[in-house]
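Novice: One structure is given below, represented as structure tokens, and several questions about it will come after.
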Amino acid sequence: MGSTSEIRLLGVADVQLPADERARLVARALEEVAKGALRPVIGATFPLGQAASAHRAIESRELLGKAVITV
């Protein structure tokens, strides 16, 4: 087995962006959305009465994409 010296474990706090960089990236993402260059992947749509089912689907990772709750 090889050396583990090349492995580094990072926690959530280690990969946070500074506020100004986060704001810049959010603005860029919103520009791309406005141009139609980014579109979400909708994995399933659930009526509001089935919100608990949507939550279970998310927790169990059975959806590929986003869960949308409709009213």
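Novice: Let me make sure I get this right: for the chain, a, b and c are the square roots of the gyration tensor eigenvalues over alpha carbons, sorted descending. Under 1.5 in a/c it's rounded, otherwise prolate if a/b > b/c, else oblate. Which is it?
Specialist: The shape class here is oblate.
Novice: Give me the one-decimal nm value for the distance between modelled label points at Arg22 and Glu6, 7 Å along each residue's Cα-to-Cβ direction.
Specialist: Using points 7 Å along Cα→Cβ, the separation is 3.3 nm.
Novice: Then there's this: For the full complex of protein chains and a 1.4 angstrom probe, list Thr45, Thr70 by accessible area with the highest value first.
Specialist: Highest to lowest solvent-accessible surface, that is Thr45, Thr70.
Novice: So, with a 1.4 angstrom probe, what is the percent of accessible area on the chain that is carbon and sulfur?
Specialist: Roughly 59 percent of what the probe reaches on the chain is carbon or sulfur.
Novice: Mind grabbing the accessible area of Asp20 for me, 1.4 Å probe, Å², rounded to tens?
Specialist: 110 Å²
Novice: Can you sort Glu21, Glu62, Glu6, Glu32 by 1.4 Å-probe accessible area, starting with the largest?
Specialist: Glu6, Glu62, Glu21, Glu32
Novice: With +1 assigned to the C-beta of every Lys and Arg and -1 to the C-beta of every Asp and Glu, and no other charges, what is the dipole magnitude of the chain about the Cα centre in debye, to the nearest 20? Please list the in-between numbers first.
Specialist: Values: 9 positive and 8 negative charges, 46 e Å.
The dipole of the chain has a size of about 220 debye.
Novice: Ok, one more. Which angle between 0 and 90 degrees, to the nearest 10, do you get for helix 19-34 versus the longest principal axis of the chain when only C-alpha atoms count?
Specialist: Result, in degrees: 40.
Novice: Could you check the simple spin-label distance between Glu31 and Ala51, using points 7 Å along Cα→Cβ, in nm with one decimal?
Specialist: Each label point is offset 7 Å from its Cα along the Cβ direction, giving 3.6 nm.
The values are calculated or read from the model by the stated rules, or taken from the named source; none is laboratory data. For clarity, every value in this text was computed on a predicted model and none was experimentally measured. Positions of Cβ are backbone-derived with ideal geometry, glycine not excepted, and every protein chain shown enters the neighbour counts. Note: areas computed on protein heavy atoms with side chains; ligands, DNA, RNA excluded. Shrake-Rupley method; radii C 1.70, N 1.55, O 1.52, S 1.80 Å.
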